[in-house]
Every structure is written in structure tokens, then in C-alpha cells.
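Asks: Okay, handing you the structure first.
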Amino acid sequence: MQTKHYEKLFAGLDIAGLKLENRIALAPMTRVSATEDGFVTERMIKYYTKFARGGFSLLITEGVYPDELYSQGYLYQPGIVNEDQTKSWRNVVESVHKQGSKIICQLMHAGALSQGNIHKANSIGPSAIKPKGSQLSFYRGEGEFQLSKEMSSADIEDVKNGFVNAAKHAKEAGFDGVEVHGANGYILDQFLTDYTNKRDDNYGGSTENRVRLSVEVLQEIRKAVGGDYPVGIRISQAKVNDSDHKWAGKEKDAEVIFSHLARAGADFIHITEPKAFEPAFAGSSATLPELAKKYGKVPVIANGALHDPEKAEELITEGYADVISLGKGALANQDWPSKVRNNAELAEFKAENHLLPIADIKEIEI
Ligand SMILES: Cc1cc2nc3c(=O)[nH]c(=O)nc-3n(C[C@H](O)[C@H](O)[C@H](O)COP(=O)(O)O)c2cc1C
């Protein structure tokens, strides 16, 4: 077999002080394996450590809920709301750091897509609209989503405060940065999306208005954590309950969204699309990572079917991504970076083998 080197994938990088040894990140993946009240378990420490040992220079945690109001999306999802939850994350951070990798915390508010919250029975969203599709059975959901309550100004303040407190807690826990979950149909994406946001205040209407809550969340986190703490945001068109969604304003929307997020202080933009290397919109050739780079002018993490190292290397070589993140490819190969570096064979992702609850993954025993 011919030896491949993948020089770009294995080159170091500094993102706003976040020093990475390679360009390969673990994508955020909800595993609903925390305790019922949102604490990290011993198994989760092992689970994250395994990816660090396998050569991922950056780990992004599963979506972590930031407040005890409406943010929790799933039962057994971890939180970072109180001191004890924060302390429980410290063990993950320290173990990952011992392996020489960096770890950032993904802060996720589920909004109208909440299907399991031990703090509140109902959900909130930008407008009182029942989400498309049905709850995710994989995360213990069943049937249609509930009709969420339209958020008041006070609810908007609560959401922002939750993100800010959670970011402060992440910093206290030793995380190397935070990623605001602005993608996949959760609350910030509900504001960004024309059909879930019918507000007639400053948060609805134009694309600029619809991205305002994400902008304010970034600005307020930045104020709270200081200028030298890495803060990024994840953005997608696709949603967990609407995988084909495209922005109506196409590249013009991309320009407004990415330029505003970067100006709000995002150190990086993490783009996720089903296939990161495919054109973002019909009738044009640019990919969404490419547009994030063009209009955001900050480092871009690209995600979506990049488990083939040739594709991943190509995206970085073309200059459209600085880092690639892997979800399913990483579940199938917890040592994907080491395997690629050694030209070893990669396992193909199979849900029945690789999407097990963390309690059932044998390979994480070290
Ligand atoms: C089990 C599972 C859980 C996920 N949970 C999250 C999450 O908590 N936050 C998030 O932003 N994306 C989440 N995702 C999406 C992944 O981060 C990623 O975008 C998706 O798997 C596509 O990348 P891939 O083709 O490399 O798998 C999840 C994906 C999977 C498979």
C-alpha cells in the first residue's frame, strides 16, 4: 500500500490561543449518558479520554445544557449549570489534558426541540410553532414535539444569562474554550430560521434580526470570559428535524450571518452540513465552509461526511477549512488520527456497532 502523509491534516494550528497539534477534532455528540441530574459519569471520562489517546487534538463535548429553565433537551443530558456539575466536568478536562489534547464545551439550549427536561415540562421558542417532524426516539423521545411558548423579552434575557453563566463555568472547569450551539434546529437556529421565527420585534424579520440573539449571546459571553478565551459558534442549514433546509437568501444570508457572528467576537465558526464538501445552495458552487471563511474571515471547522482522509485533507488544502471534525467516523474509529497517520485501515460506521450507549462501549476500557 502506498504511504500517504496528509501533511495538512497533521499540521499544527493556533486558534486565538487554542494550540492544536493537528487539524482533527471530535464533533460534538449527545450521548445521553450522564446521570439523571446532569452529572458527568466515570464512563464519560473514559469515553472522552479514548478519543484524546487516539490522536484527536481537539475534542468538542456533546451539547451541554446551560440553565435550569428551558434549555435541557434530553433526559440524561449533562449540564454545566451549578457548581457540582461544573466540578464533574473538571475530571473529563483533566484526563483529556493529560493526553495532550484540548477540549471545548458545547453549550446547547434546545428551545422548542426539548423533549426531556427535568426542570420544566413545557418548552419555549421564538414563536409558538410546533416543530416539524417527531421527537428523536434515539434520545428517549416519542411522538410529536410539543407546541412551545413564544418567548417574552424576559425569556430572551434568561437564555442569554444561561449561556453566559455556563461559559463562565466552562472556563472554571478548565475547558480550553466554548462552542455556542447555533446549529441543527436548536434555539439559536430556531431564531435564525424564517419558518420557526415569526416575531415582529428586533429578533424577527430580516436575516440581521434573526441572527441577533446569536450575536448577543456571543457578545455577552465575550464580555464575561475576556478577550483571550476561545469562543466559537456552530452553524448549519440542516436541522435534526429538517435535514434539507436551505437559507432562502442563499449567499446573501451567508454574508449577513457569518460577518455578524465574526464581528460579535467568534474566534471560530464550526460549520456542519450533511456533506461539507458539496455546494451550499442550488445554482452555485461554493460550500458553506467556504462561505463562512469568505465572510467570517475567522478559522473554520468543517463537519459532515469528512471521514475519508482524502476529502478532509482536500478541504484544508483548498483553504476552505482550518480544522475538520468527525462524528460517526470517530465513533467507528476512536483513534482515527492515529490510524490515518499510520496508514491503517479505517472501520466503516455501523449504527448497530458504533452507536451504543457509553455504558456498553467495551473499547473505552483503558
Ligand atoms: C449520536 C450523535 C449525537 C450528536 N449530538 C450532537 C450534539 O450534541 N451537538 C451537535 O452540534 N451535533 C451533534 N451531532 C451531529 C454531529 O456533531 C455531526 O454534525 C454529524 O454526525 C455529521 O458529522 P459526521 O458525518 O462526521 O458524522 C450528533 C451526531 C450524532 C451521530
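The values are calculated or read from the model by the stated rules, or taken from the named source; none is laboratory data. Since the structure is predicted, the reported quantities are computational estimates derived from the model, not experimental observations. Cβ coordinates were reconstructed from backbone atoms using ideal geometry, including for glycine residues, and neighbour counts include every protein chain displayed. Just so you know, the surface numbers come from the protein's heavy atoms only, side chains and all, with ligands and any DNA or RNA stripped out. Shrake-Rupley method; radii C 1.70, N 1.55, O 1.52, S 1.80 Å.
Asks: Using a 1.4 Å probe and counting only protein heavy atoms, arrange Val215, Val240 so the residue with the most accessible area comes first.
Replies: Putting Val215, Val240 in descending order of accessible area: Val240, Val215.
Asks: Then there is this: Taking R0 as 35 Å, what's the FRET efficiency between Ala248 and Glu42 from their Cβ-Cβ distance, rounded to 0.05?
Replies: 0.15
Asks: Using a Gaussian network for the chain with springs between C-alpha atoms less than 10 Å apart, which of these wobbles most: Phe349, Phe39, Phe175?
Replies: Comparing Phe349, Phe39, Phe175 in a Gaussian network model of the chain, the most mobile one is Phe349.
Asks: Another question about this same structure. Can you classify the stretch 264-320 as rounded, prolate or oblate using the Cα gyration tensor, where a ≥ b ≥ c are the square roots of its eigenvalues, rounded means a/c under 1.5, and otherwise it's prolate if a/b beats b/c and oblate if not?
Replies: Note, shape of the stretch 264-320 comes out oblate.
Asks: At 37 °C and 0.692 mPa s, what whole-number value in µm²/s does Stokes-Einstein give for the translational diffusion of the chain, with Rh from the Kirkwood sum over Cα pairs?
Replies: 162
Asks: Still on this structure, please answer the following. By its C-alpha gyration tensor, with a ≥ b ≥ c as the square roots of the eigenvalues, how is the stretch 217-366 shaped: rounded for a/c under 1.5, else prolate for a/b larger than b/c, else oblate?
Replies: prolate
Asks: Still on this structure: Rank Gln72, Gln190, Gln99 by mean-square fluctuation in a GNM of the chain with C-alpha springs under 10 angstrom and give only the top-ranked residue.
Replies: Residue with maximal mean-square fluctuation among Gln72, Gln190, Gln99: Gln99.
Asks: Could you give the length gained by full extension between Asp360 and Arg199, i.e. 0.36 nm per residue of separation minus their alpha carbon distance, to one decimal place?
Replies: Difference between extended and current length: 53.5 nm.
Asks: How many percent of the accessible area of the chain is carbon or sulfur, using a 1.4 Å probe?
Replies: Answer for the chain: carbon and sulfur cover 46 percent of the accessible area.
Asks: In terms of the Cα gyration tensor, with a ≥ b ≥ c the square roots of its eigenvalues, is the stretch 160-224 rounded because a/c is under 1.5, prolate because a/b exceeds b/c, or oblate?
Replies: Here the stretch 160-224 falls in the prolate category.
Asks: Say each of Asn161 and Glu255 gets a label point 7 Å from the Cα, pointing the same way as Cα to Cβ; how far apart are those two points in nm?
Replies: Each label point is offset 7 Å from its Cα along the Cβ direction, giving 3.9 nm.
Asks: Any chance you could run the full-extension gain for Arg90 through Gln146? It's 0.36 nm times the residue separation minus the Cα-Cα distance, nm to one decimal.
Replies: Gain on extension, Arg90 to Gln146, equals 16.7 nm.
Asks: Considering only Thr193, Thr49, Thr30, give the residue with the highest GNM mean-square fluctuation for the chain, with springs between Cα atoms whenever their separation is below 10 Å.
Replies: Sorting by GNM fluctuation, first place goes to Thr30.
Asks: What is the calculated FRET efficiency for Lys4 to Arg263, with r their C-beta to C-beta distance and R₀ = 45 Å, to the nearest 0.05?
Replies: 0.70
Asks: Something else about it: Gain in length, Glu208 to Glu352, computed as 0.36 nm per residue apart minus the alpha-carbon separation, to one decimal in nm?
Replies: 47.6 nm
Asks: Just to be sure I understand the model, the point goes 7 Å from the Cα along the line to the Cβ. What's the resulting Ser285 to Ala154 distance in nm?
Replies: The two pseudo-label positions are separated by 5.5 nm.
Asks: Ignoring ligands, DNA and RNA, what accessible area per residue does the stretch 44-110 give at 1.4 Å, in Å²?
Replies: Per residue, the stretch 44-110 has an accessible area of 27 Å².
Asks: Let me ask something else. Using 1/(1 + (r/R0)^6) with R0 = 51 angstrom and r between the beta carbons of Ala128 and Lys98, what's the FRET efficiency to the nearest 0.05?
Replies: According to the calculation, E is roughly 0.60.
Asks: Which of the aspartates and glutamates could be linked to Lys87 by a straight reach, that is with a Cα gap under 18 Å, when you skip same-chain ones fewer than 8 residues away?
Replies: The reachable aspartates and glutamates, counting only those whose Cα sits under 18 Å from Lys87, are Glu36, Asp37, Glu42, Glu62, Asp67, Glu68, Glu172, Asp176.
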